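Structure, as structure tokens:
The values are calculated or read from the model by the stated rules, or taken from the named source; none is laboratory data. Being a predicted model, the structure only gives us computed values, none of them experimental. Every residue, glycine as well, gets a Cβ built from its backbone with ideal geometry; the counts of neighbours run over all protein chains shown.
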């Protein structure tokens, strides 16, 4: 049988009513648990995996696919509505998404996230089915030096994309970088900046930091404004659905997000966050409405949301083709597969085609169910915003605390949540952007470890960093991104460019 | 069946804590890892085999399990219903993190499972055997980069032991730590490092597909169905396994300890447990009583020595 036949066969069995029902249950459960801040897809899948064991292999694979995609998507709803990212891959979504929600455009924001996730999931799952063996070859070429070059590119493009003042942006970034040093150094096993506190040995949890920075900081800020705070948010201004203009601004962002997210998800040390950062930076550079960025630009929701779902499918590339679990979620999935007697590895496609294609078909079905479940709920979700402020922010505070405690029941973690919430409040008062702190916390350790690995392998020879063609190209792109705007500005053309962009509006 | 399914789903959805647990098993790690899987397998089999009515799993992640053991030792003192899963990795973590709470502060019950280490090279490598690898290591220790899991873990210790036994200064071992088995494996497959060390189970499918060459395993005798010599056969007297064990709370009476030991022994002999071992690819390395206490003390002492030799513990 050909690839296509296997896929069709898988789809037919996955589309049976009972299996569709399992997909719906999976997506619902995944979304419910994924919505809790601090509980990401890895934990969601781990907690809910035993539920699927009660079913036959086809049914359980389908429910499992639903849980995975549901958990991946769940984080975006709270990001947009409550400015409380459910997991690290939906941090970027909060930036523009929540601004949109506050302007009464929560409906379109949720819709573009849901449809973008669907489009990205669809394309990426098909890519997984047809081009996985080629993508994985590319991913394996990436060694420490190539990753380091990629991180440099991410730093350069991303830090220019946040905030208007580069000095303030860089200050925030360095706060994040400093915090990222806390804990056991992975390469030597030595403690850094942990001051003898055992709870700090694992470093600062990104999700705790994100919830503190966004949810707690914001709540404090609103509470401090007291009666001066603007009146109740208008929940729906204009249509609750996406307008023709929203569609035309979204679709390119979905596609670009997919193209960025899928290969980065497939890389063994990529990770979903980096795709969302790069997608956000790309959208900000290419948009015709730069003035809206930071104030609720729909591209800034569409791109990153597509990127994080595409990278979810990307993660399955090394898992299914090589048996490499490259993320926590993938490692848990591996355990799940073993339950069905499936041993992922280079021979999987040859020895177990039915199950592999069944899984891919299940992912397609789950992806579709996600849309079925979430689009009708958009109208209901935005009603959340009509809750009076004291209640709403009281709820956010409880929700954020519960999620953090649920993920890691420790008093210390709760203390960190509050301390960083306070830090975020102070930064907000003095007008420092908070997103770069989290970017620094995520990218810092990756860049540092990859650089040190590259230098350890070469025994200290620095030239290895530029002798690989891929690394050299990535570093060159980073240099161009850094220098080009400076040259343009020096020649006085920067002004002309921004005028040009503005007049197109 | 339908009702059962429904209640399972409901229970899963709200993640309700179990009412009155006969046993509560702490996994001192986040959900998904080896300790968590061991704890959840214990839960399933203990209930399924009716050894215990209700078993609850609690995850306390952090710092190689040292956060979990500290909490376990202080909060569960004297509680005969509390169990904790731990293992060889914690022995190293306690030393490198200078944890004030050690395995002496809990009541070890039995060793349950183990995984042997495999030493591999990419299929295209000119290294064909341990002898080739040792020759390279002796010529220039830094030129051999070893890819494996976190620093101070079983993989790192194995690399250190190989160098030391071969007569090479273990502090010169160029060990490249990766954040997980998958990432390390990718680096080995991509030819980024000279050799790779990881548990055999993680490498198995690559070895069978011929993308990696297995040059040795770290078991005492050859593993059934695995076509590779042991390190011992290759002239290096290194035997190491990444084992996992179960411990009870400190301060329990001798009778309480005996009762727990009996339950664990019943578990080990059960069909359900043997099946679980098979699906998970864990070898049964069950050891209990004084023999286990003795082995544990030996493992701790030798780990301390090698971690000092590598330079991770001062």
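Selection of the range B:219-230 for residues being assigned to a loop (DSSP other than H, G, I, E, B) and either free of Cβ contacts under 8 Å to residues at least 40 places away in the same chain or within 12 Å of chain A (Cβ to nearest Cβ) (or both) yields B:220, B:221, B:222, B:224, B:225, B:226, B:227. For residue B:233, the stated conditions do not hold, so it cannot be described as away from chain A (no Cβ under 14 Å), modelled with pLDDT under 85 and either more than 30 Å from residue A:184 (Cα to Cα) or surrounded by fewer than 17 Cβ atoms within 10 Å (Cβ to Cβ) (or both). Listed conditions (1) modelled with pLDDT of 80 or more; (2) not in a helix (DSSP H, G or I) are all met by residue B:45, apart from (2).
Filtering the range B:58-75 for residues that are outside any helix (DSSP H, G or I), more than 11 Å from chain A (Cβ to nearest Cβ) and farther than 30 Å from residue A:453 by Cβ leaves an empty set.
The single residue among A:140, A:150, A:110 that is assigned to a helix (DSSP H, G or I) and within 30 Å of residue A:392 (Cβ to Cβ) turns out to be A:110. As a summary of the residue check, residue B:127 satisfies the conditions (1) outside any loop (DSSP other than H, G, I, E, B); (2) in contact (Cβ under 8 Å) with a residue 60 or more places away in the chain; (3) touching a helix residue (DSSP H, G or I) at 6+ places or on another chain (Cβ under 8 Å) except for the one numbered (1). For the range B:110-119, the count of residues that are under 22 Å from residue B:296 (Cα atoms), away from every other protein chain (no Cβ under 14 Å), out of contact with any strand residue (DSSP E or B) (no Cβ under 6 Å at 6 or more places or on another chain) and surrounded by fewer than 24 Cβ atoms within 10 Å (Cβ to Cβ) is zero. Of the helices (runs of 4 or more DSSP H) lying entirely inside the range A:256-358, those containing at least 1 residues that are surrounded by fewer than 24 Cβ atoms within 10 Å (Cβ to Cβ) and at pLDDT below 75 are A:328-339, A:348-351. Where strands (runs of 3 or more DSSP E) sit wholly within the range B:132-212, those with at least 2 residues that are within 23 Å of the chain's Cα centre (by Cα) and within 11 Å of chain A (Cβ to nearest Cβ) occupy B:145-148, B:174-177.
Residues checked against (1) under 26 Å from residue A:12 (Cα atoms); (2) outside any helix (DSSP H, G or I); (3) more than 10 Å from chain B (Cβ to nearest Cβ); (4) in contact with a strand residue (DSSP E or B) (Cβ under 7 Å, 6 or more places away or on another chain):
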residue	(1), (2), (3), (4)
A:37	no, yes, yes, no
A:63	yes, no, no, no
A:68	yes, no, yes, no
A:75	no, no, yes, no
A:78	no, no, yes, no
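Checking the structure you have, find out if any residue of the range B:251-267 is away from chain A (no Cβ under 12 Å), farther than 16 Å from residue B:109 by Cβ, in contact (Cβ under 8 Å) with a residue 60 or more places away in the chain and in contact with a helix residue (DSSP H, G or I) (Cβ under 8 Å, 6 or more places away or on another chain). Checked against the condition, which is being away from chain A (no Cβ under 12 Å), farther than 16 Å from residue B:109 by Cβ, in contact (Cβ under 8 Å) with a residue 60 or more places away in the chain and in contact with a helix residue (DSSP H, G or I) (Cβ under 8 Å, 6 or more places away or on another chain), the range B:251-267 yields no hits at all. Taking each residue of the range B:271-285 that is within 12 Å of another protein chain (Cβ to nearest Cβ) and looking for partners that are surrounded by fewer than 15 Cβ atoms within 10 Å (Cβ to Cβ) and modelled with pLDDT of 80 or more with beta-carbon atoms closer than 6 Å, six or more apart or interchain, yields B:277/B:284.
Please work out which residue is farthest from the other protein chains (Cβ to nearest Cβ), limiting yourself to the range B:43-56 and to residues that are over 22 Å from residue B:251 (Cβ atoms), in contact with a strand residue (DSSP E or B) (Cβ under 7 Å, 6 or more places away or on another chain) and crowded, with 21+ Cβ neighbours inside 10 Å.
Residue satisfying both the conditions and the ranking: B:46.
Residue-by-condition table, conditions (1) part of a loop (DSSP other than H, G, I, E, B); (2) crowded, with 17+ Cβ neighbours inside 10 Å; (3) touching a helix residue (DSSP H, G or I) at 6+ places or on another chain (Cβ under 9 Å):
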position: A:369; (1), (2), (3): no, yes, yes
position: A:374; (1), (2), (3): no, yes, yes
position: A:381; (1), (2), (3): no, yes, yes
position: A:391; (1), (2), (3): no, no, no
position: A:394; (1), (2), (3): no, no, yes
position: A:399; (1), (2), (3): no, yes, yes
position: A:414; (1), (2), (3): no, no, yes
position: A:419; (1), (2), (3): no, no, yes
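Among the residues of the range A:449-466, those that are more than 16 Å from residue B:146 (Cα to Cα), within 13 Å of chain B (Cβ to nearest Cβ) and touching a residue at least 40 places away in the same chain (Cβ under 8 Å) comprise A:451, A:464. Would you say residue A:204 is touching a residue at least 24 places away in the same chain (Cβ under 8 Å) and part of a loop (DSSP other than H, G, I, E, B)? It is true that residue A:204 is touching a residue at least 24 places away in the same chain (Cβ under 8 Å) and part of a loop (DSSP other than H, G, I, E, B). With respect to the conditions (1) in a strand (DSSP E or B); (2) surrounded by fewer than 22 Cβ atoms within 10 Å (Cβ to Cβ), residue B:216 lacks only one, and its number is (2).
For the range B:255-294, residues that are closer than 22 Å to residue B:200 by Cα and in a helix (DSSP H, G or I) total 8.
Would you confirm whether or not the range B:198-214 contains a residue that is closer than 28 Å to residue B:308 by Cα and modelled with pLDDT of 90 or more? For the range B:198-214, residues closer than 28 Å to residue B:308 by Cα and modelled with pLDDT of 90 or more: absent. Taking the numbered list (1) over 21 Å from residue B:30 (Cα atoms); (2) assigned to a helix (DSSP H, G or I); (3) modelled with pLDDT under 85; (4) away from every other protein chain (no Cβ under 14 Å) in turn, residue A:84 passes all entries but (2). Among residues of the range A:175-191 that are more than 14 Å from every other protein chain (Cβ to nearest Cβ), those with a beta-carbon under 9 Å from a residue that is surrounded by fewer than 17 Cβ atoms within 10 Å (Cβ to Cβ) and part of a loop (DSSP other than H, G, I, E, B) at least six positions away or on a different chain give the pairs A:178/A:193; A:179/A:193; A:181/A:193. Summed over the range A:14-54, the residues that are at pLDDT below 80 and buried (at least 18 other Cβ atoms within 10 Å of the Cβ) give a count of 20.
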